[in-house]
Amino acid sequence: MKGTLSASVSSSSGVLFALSVGVLDGGALRVQMREENPIGNLYQVANVVLENVELKSKPFKLVQSSSEYTAIAFNSTDIEHTLAIHHRPFRMDLSSRNTPIWTFNEHGYLHYEHQRLKDSPPPTDGSEPAQSNDETLSEDEKTKKQLLEEIKKDMWDESFSGKIDSKPKGPTSIGFDMNFPGFKHTYGLPQHASSYSLKPTRGSEAQYSEPYRLYNFDVFEYELDNPMALYGSVPFLMAHRKDYSVGVLWMNAAEMWVDVERKAGRGSSPALQMQDYVPFSTISQTSATSTTTHWMAESGSIDVLILLGPTPAAVSDQLTRFSGRPALPQLFAIGYHQCRWNYLDEQDVADVDANFDQFDIPYDVLWLDIEHTDGKRYFTWDKVKFPNPADMQNDLAVKGRKMVTIIDPHLKQDDGYPVSKKAKDLGLLVKNSGGSDFDGWCWPGSSFWIDYLNPEGRKFWAEQFKYTNYQGSTPSLYTWNDMNEPSVFNGPEITMPKDNLHHGGFEHREVHNIYGALQHRATAEGHLVRSDNTDRPFVLSRAFFIGTQKYGAIWTGDNTATWDHLAVSVPMLLTIGGSGITFCGADVGGFFGNPDTDLLVRWYQMAAFQPFFRAHAHIDTKRREPWLFGEPFTSTIREAIRRRYRILPYLYTLFWESNQNGAPVMRSIMHEFPEDENTFEIEDAFMLGSALLIHPVVAKDVTSVSVYLPPSAVWYNYNTFARISNTASPVQVETPLDVIPIFLKGGSILPRRDRVRRAAGLGVHDPYTLVIALDKAGSAKGKLYVDDGKSYRHETHGESIVADLEFQGGVLSSTSRAWFEKRGAADGKVVTDQATVLESLGNRVERLVILGMKASGVKSVVVKKAGETAGKRLEFSEEEVVLEGVDEGSAKQTVVIVKDPKVLIGEEWSIVLS
Ligand code: NOJ
């Protein structure tokens, strides 16, 4: 391929591997290495991950080419990069702005055990005794030979809990090291119940004794602070230091292990080595700690994207440019979801729904778990408990609410169950190693699994969601895909045998981690099929993989009702969100066990700021709907949920931004303040977008918390609007049960809807409040994105508004001109004219709240609209801020309130305070 360096690499046993290195437009380097003549097809994960991505190679300059080295220089994200390839031993060194940022095979861990048949000779590394007649061997050599024979045998037919893995292509494996010189911190590699900044697993600082394992599993009561594999995997890691962020993504779906090791110094000075042949001279010094990562997968090939940064935001953009942008959810999907295993029947559903209204608590979706089905046959209903499912859904829908039913991937083996029977007859099932339909156990007993690797399998699955197929489903019904790791109760480690076979002849071992994501994808496609591509899908999945964000949301699986589980949900979600899957959440209250009331309250307070906000509980737990705990608890939970509903305009805008550039909705403080080293390990607080900093209370009886507010910004207590005067040291905040510390960053404009309705969709015509928090210079900025919250008309007809809001020099201005000019229409459709869009989507602003301004200095407030010469005077007032438990200093705090400024979002206007 043009713009690619290619080479053939030979292993010590003479097996040939094709190597290619290319620079991609959009900020990435791609390194591929695969066996030239494998005995079977190699599964190309990239074909799915990079589907629909325009891959354009970027030109580079050859700056050195000798028998020893090849070096190229290229520009990416306006930064000069150099890649030096050392031929023998093979090694690559990448530098950016003359500073080394990434090396490959610096430690010589590159290892590629090729595919081979059982009777073919094993690869040699020189340590095996040469073939010889046993009589000539010493005793030691004989023992060694015997041992090797034993090992070789085990390497073929591996047995696990009495189950044999036949390994028809031999004991394959791939390993290599990637190193980040001068980078102490690395992040990513979900899913683990572990810290945000990855803990070293090797070397003197090792905190775990095993590498991080990536192999999607159904885990019962998972352990915390552990590198064990959980339900989802994204082989993505980002290294970050004060001046640079760089990401790596290995497109491989096999079982994987990653070791992380911190080392003093900057490795073996790759940069200095490069100076010999690269025409750059000054290599700036970086932190004296480096991180080495050792990646090992059971099979597949090497296909790695190096995402060139240079900031965390740029890495998120690059990651989702290549692996797919997060789908824009419907507005209802970002409201509150009420789930439990199980709501018993239609009466129970009606009662729960009615209680939300009686207790004045907003919610959007009621969920039904596996017990709603006819004998765990998905797409069916228990006829006794749910005789009128369509009426039940419609009763919710008239209140603007939705329902979700669970649809798992295992299909009950039953010829009377059409989904299972047809899938079998059409040959769409996963096969066992002998080529027959794989038979395993799950909830319904003996089950089959659709092969989602097969496009026909996905198509068949998608069609099951048509209203004519899924009897009793209506347009307000959405889907939950659980158990899709896949969970197989009688399989090795509760999943599928690795030698099961998929479409294309691929063994399960090669595709395991992508399987669930492909079910997720087929389900989302099903929602599109049933609505003729008009209704945005909502599908929650438990298993996930690279690119899951294209299909919907995920949750962190079966957590437990303990404080530790509440605490770990923050780093877990930061990691998942930073790995591209920005729509994620943890079950509120903890799935297993019964939370104490204070734990439940604290959980709601925190989770109201998670991207996906759902309460869920195990079938054996006590009921715990928000009104069951009496006062003041019900009110505190109500307020936590209402707090989320008020900021839905802001949150929806964040989801839209995420859809544009992959920015995590819930993100680390480091992501927002990448130059502030104090933020690199913060995982007990987080940001929602760039405006709100939340420090949840995640331990029992905590009466105050210490909050680090990066001193480069001005901060306001969001609960009281008081300005924090001194952020040089952490701020101590009192935390009675009804308080969760939330801070608003100066320089932000936060759009809210202060009237809270029963469900998100019912408020779409309500006016906005703009909370304007001024920075040191007395300025602030914000955005507000609006569309119909459900369809694709924003894409097909350009029916959306992006209002750019800016406060500067006492003037608040709003413009959407740039947006209206650049918006387009898809599929040859016509862009809806601006007046019509404004008519349906342009709501008025009912209030401005300006923080950080002395009201005494304001004499008049005047609004001016485009095309009007004279402005209109507006009413304004000054309000004193209630000071609550924050060290604001002695200065009197006031906010300026401007009531009913008579402006619409989407129009051009300015409001002048003078
Ligand atoms: C396991 C899921 O993780 C849990 O959320 C669900 O309630 C049960 N399966 C039953 O479907």
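Rule-based calculations on the coordinates, nothing more; no lab input. Everything numeric here is computed off the predicted structure, so don't read it as measured data. Cβ sites come from the backbone with ideal geometry, for glycine too, and all protein chains shown count toward neighbours.
Side notes on the structure shown:
- Within straight-line reach of K859, meaning a Cα separation under 20 Å, sit the following lysines at least 8 residues removed in sequence or on another chain: K872, K892, K899, K902.
- Scaled against 2.2 N^0.38 Å for its residue count N, the alpha carbon radius of gyration of region 767-914 is 1.21.
- Centroid-to-centroid separation of region 644-680 and region 752-812 [C-alpha atoms, Å]: 16
- Helical contribution to [θ] at 222 nm, DSSP H n ≥ 4, -39,500 (n - 2.57), averaged over the chain, rounded to 500: -6000 deg cm²/dmol
- Computed from Cα positions, the angle between helix 508-530 and the longest principal axis of the chain comes to roughly 40 degrees.
- Taking a straight Cα-Cα cut-off under 15 Å and skipping sequence neighbours fewer than 8 places away in the same chain, the aspartates and glutamates within cross-link reach of K199 are E210, D225, D259, E261, E681, E683.
- Each residue of region 752-760 is assigned a 3J(HN,Hα), and the resulting list reads 10, 10, 7, 8, 9, 9, 5, 8, 4 Hz, derived from the Karplus form 6.51 cos²θ - 1.76 cosθ + 1.60 (θ = phi - 60°), x at Gly and Pro.
- Reachable lysines from K61, criterion Cα separation under 30 angstrom, eight or more residues apart if same chain: K2, K242
- Nearest 10 degrees, 0 to 90: helix 597-607 Cα axis against the chain principal axis: 80
- Tilt relative to the chain, helix 633-646 - C-alpha long axis, 0 to 90 degrees, to 10: 90
- Pair-distance distribution of the chain: all C-alpha pairs, bin width 20 Å, starting at 0; shares per bin in whole percent are 14, 44, 34, 8, 1, 0.
- Note on the chain: antiparallel DSSP beta bridges, both residues inside, total approximately 85 percent of the bridges counted.
- Taking every alpha-carbon pair under 8 Å whose residues sit at least 6 apart, region 767-914 reaches a relative contact order of 29 percent.
- The string of couplings for region 83-88 from the Karplus curve (6.51, -1.76, 1.60, θ = phi - 60°) is 10, 10, 10, 9, 6, 9 Hz, one whole number per residue in order, with x for Gly and Pro.
- When the GluC sites (Glu not before Pro) in region 148-242 are filtered for DSSP coil states and for at most 16 other beta-carbon atoms within 10 Å of their beta-carbon, the remaining sites are E205, E221, E223.
- For the chain, averaging the sequence separation of C-alpha pairs within contact (under 8 Å, six or more residues apart) and dividing by the residue count gives a relative contact order of 10 percent.
- Distance violations [Cα-Cα > 29 Å] among K781/K822; K58/K167; K142/K498: K58/K167; K142/K498
- Positive dipole terminus of the chain, leading residue within T769, Y716, G416 (C-beta point charges): T769
- Filter on K118/K163; K169/K412; K790/K865; K550/K745; K466/K790 - keep pairs with C-alpha separation over 22 Å: K169/K412; K790/K865; K550/K745
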